[in-house]
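These notes are about the structure you will find just below.
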Amino acid sequence: MQPAVSSTRGLILGIESSCDETAAAVVREGVEVLSNVIASQVGTHSRYGGVVPELASREHLQNIVPVVRAALEQAGCSLSDVDGIAVTEGPGLAGALLVGVMYAKALAFALEKPLIAINHLEGHIHAVLLETRKQQKNLPQPVLALVVSGGHTHLYMAEEFQSTWRYKNIGRTVDDAAGEAFDKVAKLLGLGYPGGPWIDWLAQHGDGRAIPFGPIHVKQKPYRAAHQQTPGLQFSYSGLKTAVLRHVQSRSMEAAIEIRRAALAALPNAKPADALALCDADTLNLIASFQRTVVEDLVRKTFTAAEAMHAASIVVSGGVAANRELRRRFCLEGEKHALPVAFPSLELSTDNAAMIAAAAWPRLVAGSFSTDRLSADPSLALG
Ligand code: KG4
Ligand code: ZN
């Protein structure tokens, strides 16, 4: 039996450990972020150019207690003040997720507080809903949500139903996620990790039309989203990644890339601006053209889906939602279609625990809690 909500403070402690950030946050009533602490593991994984699951689990184990303590301290509250413990159940790396889930379960059991399991993708959507609630803006429903991160390029129809949210998956990637493509192309070009912010920054200095990568067509038959009559929309970025590689080979850019990689590796804390002097015009044009192609594909398919599904507004979330060009193009297209488009704040675009605590608020209100049988689910689906 789960305990009932014992107080009316509306404080939820959120815990997130699905990938390479150990995060904890205290959020009041799904709106007010009292603290949002993130221990990033970028330093650990950057030398490998990607997340090493075993190392991620070990770092989560080291970080979880200090991160939760810091979140409570910054929020000015103690464990006994919180009304519920929310944790990311999945999707993500099994060992990484387990650290957060086990710690949250132990806290909930010891404190006799409700335990609320949250899907990481739902968390990303609530990073936007948190902002809109804060600004007292009402997003017209149904909402079409694009979750675009290192692991996902997924489209959902989202609707509030009796104070909780319901999701229906209507699109997904068939190979690389958009963020993964940013990371792999950045690695291929000798840039830092994660690649998204590097490409975002450097693309401003290139011509996105210089290399005419065409629109991305997915050859597979459209899938039918589970239990729905809706043909699923598909994204694919592995072909574009190969086209970038072909361009590199045809222009014999390999030697310059290795010089750039070595020069950046020699800097103690390399930033995208450090790479500018190490990139010639062709490289900058390649970076900008790659970004333009991904952004145009995301915009085109999202607005096609919005029209087909009669969406009344669009939400774009996940790490790639921090991309400047993506925000600009989505806003322009939104104006053209008279469809409101909302994003999370930059801080809440990438992984954090405030979005997990925010997503848990409607569940706390509805009394929809998890049992002590909760475990990590690395391939947990939404909708
Ligand atoms: O949501 P997130 O923090 O973690 C996952 O759930 O995957 O997303 C991380 C991804 C990485 O692939 C990273 O390169 C990408 O988001 N990213 C960006 C930007 N900032 C982060 N991609 C493009 N432009 C950015 N500014
Ligand atoms: Zn994420």
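Some values worked out for this structure:
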| quantity | calculated |
| --- | --- |
| Selection within the range 305-355 - small (Gly, Ala, Ser), within 16 Å of ligand 1 (Cβ to nearest atom) and part of a loop (DSSP other than H, G, I, E, B) | Gly318, Ser345, Ser349, Ala353 |
| When residues of the range 326-341 are limited to those that are surrounded by fewer than 21 Cβ atoms within 10 Å (Cβ to Cβ) and in contact (Cβ under 8 Å) with a residue 24 or more places away in the chain, the one nearest to ligand 2 (Cβ to nearest atom) | Arg329 |
| Lone unmet requirement of (1) in the same structural domain as Gly192 (by TED's automatic domain parsing); (2) more than 14 Å from ligand 1 (Cβ to nearest atom); (3) in contact with a strand residue (DSSP E or B) (Cβ under 6 Å, 6 or more places away or on another chain); (4) not in a strand (DSSP E or B) for Pro362 | (1) |
| Any hit, the range 207-224, residues being surrounded by fewer than 18 Cβ atoms within 10 Å (Cβ to Cβ), modelled with pLDDT of 95 or more and within 30 Å of Leu267 (Cβ to Cβ) | yes |
| 2 or more residues of a type in the set (Phe, Trp, Tyr) and away from ligand 1 (no atom under 16 Å from the Cβ): qualifying strands (runs of 3 or more DSSP E) within the range 133-182 | 164-173 |
| Candidates Ser149, Ser80, filtered to the one that is of a type in the set (S, T, N, Q) and touching a His at 6+ places or on another chain (Cβ under 8 Å) | Ser149 |
| Counted residues, the range 183-201 - those being within 11 Å of ligand 1 (Cβ to nearest atom) and out of contact with any Gly (no Cβ under 8 Å at 6 or more places or on another chain) | 7 |
| Residue satisfying all of: in the range 226-241; assigned to a loop (DSSP other than H, G, I, E, B) and modelled with pLDDT under 60; farthest from the chain's Cα centre (by Cα) among these | Gln229 |
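Here's the yes/no breakdown for (1) over 19 Å from Val316 (Cα atoms); (2) in contact with a Leu (Cβ under 7 Å, 6 or more places away or on another chain); (3) crowded, with 24+ Cβ neighbours inside 10 Å:
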residue	(1), (2), (3)
Val143	no, no, yes
Glu160	no, no, no
Ala181	no, yes, yes
Pro197	no, no, no
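The values are calculated or read from the model by the stated rules, or taken from the named source; none is laboratory data. None of the values given here were measured: they were computed from a predicted structure. Reconstructed Cβ throughout: ideal geometry from the backbone, glycine too, with neighbour counts over all protein chains shown.
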